[in-house]
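The next block holds one structure in the form of structure tokens; read it before the comments.
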Amino acid sequence: MIAIGSDHGGFELKNNIIQYLEENKMPYKDLGCYSTESCDYPEFAHKVAQSIQSGECEKGILICGTGIGISIAANKNKGIRAALCHDCFSAEATREHNNANVLVMGGRVVGVGLGLKIVETFLSTEFSNDERHLRRISKIEKQ
């Protein structure tokens, strides 16, 4: 299950991603927001993080205007490795090397076509399980 959330700046891209998930029969949970009315991104970052922490969802996708604020908020939650990605190479690398469990994008930074390709890359890339990456993730988790 994939948790997805956005603020008003990411609302449009979130809806396009939901359509992509539905077309590809990928289960998801939409945790808001539900309109373009101004709202506070930390609320949705924490909802997505909590759904992963509880085990209800395996991965998350978060979107705000730039992706910066919502990624900072998500990474305040224990066990969350949220990666801001605006290209496919970064999405692939963060899954392979960091075992990132939350993809973050800026709805005002990437267009729909690129955004969907980044989602596809993130969701289809497996963690490498290399010892060096496991060691580094362990050091991140100690903080």
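Since every read-out is calculated from the coordinates, none of them should be taken as a lab result. Only a predicted model underlies this, so the values are computations on that prediction, with no experimental measurement involved. Every residue, glycine as well, gets a Cβ built from its backbone with ideal geometry; the counts of neighbours run over all protein chains shown.
Points worth noting:
- When each of 137, 17, 52 is scored by the number of other beta-carbon atoms lying within 10 Å, the sequence from fewest to most is 137, 52, 17.
- Semi-axes of the equivalent ellipsoid of the range 2-141 are 22, 16, 14 Å, computed as sqrt(5λ) over the eigenvalues of the C-alpha gyration tensor in descending order.
- Dipole of the range 2-141 computed with +1 at Lys/Arg Cβ and -1 at Asp/Glu Cβ about the Cα centre; of 5, 93, 27, farthest Cα towards the positive end is 93.
- Here the simple spin-label model places points 7 Å from the Cα toward Cβ, and for residue 78 and residue 112 these points are separated by 4.1 nm.
- Net lengthening on full extension, residue 22/residue 136 (0.36 nm per residue, minus Cα-Cα): 37.6 nm
- Electrostatic tally near residue 116: other residues with Cβ closer than 14 Å to its Cβ, Lys and Arg +1, Asp and Glu -1, net -3.
- Applying the criteria of a DSSP loop state and at most 15 other Cβ atoms within 10 Å to the trypsin sites (Lys or Arg not before Pro) of the range 31-132 yields 76, 78, 108.
- Each of 134, 103, 13 has some number of other Cβ atoms within 10 Å of its Cβ, and from fewest to most they run 134, 13, 103.
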